[in-house]
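Take a look at the structure below.
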Amino acid sequence: MIRKFPIVILLLLFPFISQTQNEIEVVYDDHSRSIKVNPAQKVIEAGKQYRLKITSINPVYIQDRIYIRSYRYISPTPEILEPLLPGIPGTDVFDHFEVIPSGQREFFLKSLQFFNELEVLRSASDELYQRTRHAPDPDFAKETLEHIQSVFDTTELQDIVRQIAYFQDYIRAAESIYKTNIKKITLRTPDTDIVLREYARLTRIMQKTQQINYIQLLDYIVRSVHAVDNIYSDVFTGQKDVTEIRLGLYDHYINDTIYSGILRFHTEQNWRVNFSSGLFYTNLHTRDYYLRERTETINDIVEETNFKGDISVGALLHFSYKVKANVSIGPALGASISPLDGKIRYLGGLGTILGKKRIFSINAGISIGKLSVLSGQIPIDQTGPYLPASSTKIPRYARTKAGFFVSLSYNLTQFGNP
């Protein structure tokens, strides 16, 4: 029993193990802001799972956004088939601050020091971004991280994060103190000019540090140490006639969408339903006869030597299996109308369909229809059928007969429908 246990587990997990994803490589071109897909990978198999492998980007900065839908090609029901298919148609502290011999206040100098350290982080992150936006460089990223660690004098990332938050809070508090006490300054206040210049610069520093997410920049650097050169999309399954992927690439570092477009993958190895219309040849045709005198009392019934067949206009409903995205084979049913006798021929056979959205089809099979034939009451001898000389009308009746047909049909009006 113990030996059988792993086998049972494998059997239970087999459906999950067997469903592997197939990769479709998508290459991003930053120069033209476009993407390229190998033409051979633009056709996918119905029912199989796929995902996009987007290359020439750095996933530390770039994120993909996709929306997936599948649709079939739809065509209206041909008029001739409507009778057969009914129903289907996103504080005050200036008095307490120590004044440095230079005349500048300690709060200002410390804020300036903290800002400079934050700027080292920003500058290093910008340089890393410019160098590795489309091709990660883990070695350079590691050098950048080690430089930041030396500036903040720690190798612990959480300590750097705490310092960043402290520096930003300190600068904001210093600016607030200056802003609160600046109203107390008069022309007789010592170092008025220095205080005003400190306040103006501190305001600019505070505004800049509040606009930049330094912790996120640090995160970019850390993740770049182990970055790969591609990202994978969500898994999707080939369905219907076309699987459509709306793909967007968003650069979080510069807050910009660098690509937005649509990828379409035609499916194969699945069934499709189509209509087609065209010309049909069938050997079912009404034969014409005339009377020719044999003797004074008998007239022979003679068949006219005209075209032995019928060309008609009709339509087919195809149930076909897509061997390839642009080749389908399967049964077809339909009908045609003869311009010669105005009668309907019912058709059934096989068709080979060529094309994806606009299709052409070659078909052959059985045709069934009612024809006007000679009455069975007409006498026949060795010469053939005949009538008395007094009869001027050849007796006929309608009879259902079967024959064959061949046709060339097409459909140029299909449209996509989700």
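The values are calculated or read from the model by the stated rules, or taken from the named source; none is laboratory data. All of these numbers come straight from a predicted model, not from anything done at the bench. Using ideal geometry, Cβ is built from the backbone for each residue, glycine included, and neighbour counts are taken over all protein chains shown.
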Checklist entry - Applying the selection to region 27-65, what residues are touching a strand residue (DSSP E or B) at 6+ places or on another chain (Cβ under 8 Å), hydrophobic (A, V, I, L, M, F, W, C) and under 12 Å from ASP229 (Cα atoms)? => result VAL27, ILE54, ILE57, ILE62
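Taking the residues in region 262-279 that are β-branched (Val, Ile, Thr) and surrounded by fewer than 17 Cβ atoms within 10 Å (Cβ to Cβ) as candidates, determine which candidate is modelled with the lowest pLDDT.
Taking the candidates together, the pick is VAL273.
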Item to check | Residues that are assigned to a loop (DSSP other than H, G, I, E, B) and buried (at least 16 other Cβ atoms within 10 Å of the Cβ), drawn from region 247-261 | outcome: TYR253
Next on the checklist: Out of everything in region 79-137 that is in a loop (DSSP other than H, G, I, E, B), in contact with a helix residue (DSSP H, G or I) (Cβ under 8 Å, 6 or more places away or on another chain) and not β-branched (Val, Ile, Thr), what residue ends up being modelled with the lowest pLDDT?
Outcome noted: ASP92
Checklist outcome for this item: LEU145 meets each of (1) surrounded by 12 or more Cβ atoms within 10 Å (Cβ to Cβ); (2) modelled with pLDDT under 95; (3) within 40 Å of the chain's Cα centre (by Cα) with one exception, condition (2)
Checklist entry - Just checking, which of GLU175, GLU198, GLU244 is of a type in the set (Asp, Glu), closer than 30 Å to GLU45 by Cα and outside any loop (DSSP other than H, G, I, E, B)? => result GLU244
Checklist entry - Considering region 13-49 alone, what residues qualify as being assigned to a helix (DSSP H, G or I), surrounded by 10 or more Cβ atoms within 10 Å (Cβ to Cβ) and either at positive phi or modelled with pLDDT under 85 (or both)? => result LEU13, PHE14
Item to check | Which numbered condition THR286 fails, given (1) of a type in the set (Ser, Thr, Tyr); (2) out of contact with any Ser or Thr (no Cβ under 7 Å at 6 or more places or on another chain); (3) under 21 Å from GLY384 (Cα atoms) | outcome: (2)
